[in-house]
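Encoded as structure tokens, the structure appears first; notes follow it.
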Amino acid sequence: QVELVESGGGLVRAGDSLRLSCAMSGRTAEVYPMAWLRQAPGKERGFVAGIRWSSGSTVSADSVKGRFTISRDNAKNTVYLQMNSLKPEDTAVYYCAHTTISGIPQMPGAYTYWGQGTQVTVSS
């Protein structure tokens, strides 16, 4: 069993920054990739960024490249999403998720464990 707890969401203005955190616990949690996904009102859940624990290699969606950075702290079993230059279209509930599939899948269905989500609202 893997447990994920997100924090760090909030209401900000366009151009501001936020850092989301995802604290993870579980036996094999550190072996497989982690990712951030988001869901805006009326839209499907979509991939934002993912990271491999062992190598630290990352993948990001085109819509956030150059603005968002995913990272991890192995000692704290925590994954972060640093979000800079936020735009109103980044408004969504952000979820961290864990998969037992090698690589960094981008389909939400590939992820088994999910956090409760944290709301990010960006005003114009």
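In the set Ala110, Ala92, Ala75, which member is touching a strand residue (DSSP E or B) at 6+ places or on another chain (Cβ under 6 Å) and of a type in the set (A, V, I, L, M)? It would help to see each step written out before you state the result.
On the way: Ala110 fails: touching a strand residue (DSSP E or B) at 6+ places or on another chain (Cβ under 6 Å); Ala75 fails: touching a strand residue (DSSP E or B) at 6+ places or on another chain (Cβ under 6 Å).
Only one candidate passes the filter, namely Ala92.
Select from segment 108-124 the residues that are more than 13 Å from the chain's Cα centre (by Cα), in contact (Cβ under 8 Å) with a residue 24 or more places away in the chain and open to solvent by 20 Å² or more (accessible area, probe 1.4 Å) and list them in ascending order. Even if it seems obvious, please write down each step before you answer.
So the first thing to find is which residues in segment 108-124 are more than 13 Å from the chain's Cα centre (by Cα), and the list is 109-110, 112, 121-124.
Okay, now just the ones that are also in contact (Cβ under 8 Å) with a residue 24 or more places away in the chain, so 112, 121-124.
Answer for segment 108-124, where residues must be more than 13 Å from the chain's Cα centre (by Cα), in contact (Cβ under 8 Å) with a residue 24 or more places away in the chain and open to solvent by 20 Å² or more (accessible area, probe 1.4 Å): Thr112, Thr121, Ser123, Ser124.
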Test for Gly103: is it in contact (Cβ under 8 Å) with a residue 12 or more places away in the chain, open to solvent by less than 40 Å² (accessible area, probe 1.4 Å) and more than 13 Å from the chain's Cα centre (by Cα): yes
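Please find, within segment 30-60, the residue that is surrounded by the most Cβ atoms within 10 Å (Cβ to Cβ) out of those that are under 15 Å from the mean Cα position of the chain (by Cα) and not in a strand (DSSP E or B). First the steps, then the outcome.
Within segment 30-60, the first condition is being under 15 Å from the mean Cα position of the chain (by Cα), and the residues that meet it are 32-40, 45-53, 56-60.
Okay, now just the ones that are also not in a strand (DSSP E or B), so 32-33, 40, 45, 52-53, 56-57.
On the way: Tyr32: 20, Pro33: 25, Ala40: 14, Arg45: 19, Arg52: 17, Trp53: 18, Gly56: 11, Ser57: 12.
My answer is Pro33.
Answer with yes or no whether Thr78 is over 18 Å from Gly15 (Cα atoms), touching a helix residue (DSSP H, G or I) at 6+ places or on another chain (Cβ under 7 Å) and surrounded by 14 or more Cβ atoms within 10 Å (Cβ to Cβ).
Working: over 18 Å from Gly15 (Cα atoms): yes; touching a helix residue (DSSP H, G or I) at 6+ places or on another chain (Cβ under 7 Å): no; surrounded by 14 or more Cβ atoms within 10 Å (Cβ to Cβ): yes.
Taking the combined requirement at face value, the residue does not satisfy it.
Any residue in segment 42-50 that is in contact with a Phe, Trp or Tyr (Cβ under 6 Å, 6 or more places away or on another chain) and within 19 Å of Thr121 (Cα to Cα)? Spell out the reasoning first.
Step one: list which residues in segment 42-50 are in contact with a Phe, Trp or Tyr (Cβ under 6 Å, 6 or more places away or on another chain), which gives 48-49.
Filter once more, keeping what is within 19 Å of Thr121 (Cα to Cα): 48-49.
Scanning segment 42-50, I find at least one residue that is in contact with a Phe, Trp or Tyr (Cβ under 6 Å, 6 or more places away or on another chain) and within 19 Å of Thr121 (Cα to Cα), so the answer is yes.
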Which listed residue, of Ser63, Ser71, Ser85, is open to solvent by 10 Å² or more (accessible area, probe 1.4 Å), of a type in the set (Gly, Ala, Ser) and within 18 Å of Leu4 (Cα to Cα): Ser71
Of residues in segment 4-27 being open to solvent by 70 Å² or more (accessible area, probe 1.4 Å) and touching a residue at least 60 places away in the same chain (Cβ under 8 Å), the one farthest from Ser124 (Cα to Cα): Val5
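The values are calculated or read from the model by the stated rules, or taken from the named source; none is laboratory data. For clarity, every value in this text was computed on a predicted model and none was experimentally measured. Counting neighbours? That spans all protein chains shown, and the Cβs are built from the backbone with ideal geometry, glycine included. What goes into the accessible areas is simple: the full protein's heavy atoms, side chains included, and nothing from ligands, DNA or RNA. Shrake-Rupley method; radii C 1.70, N 1.55, O 1.52, S 1.80 Å.
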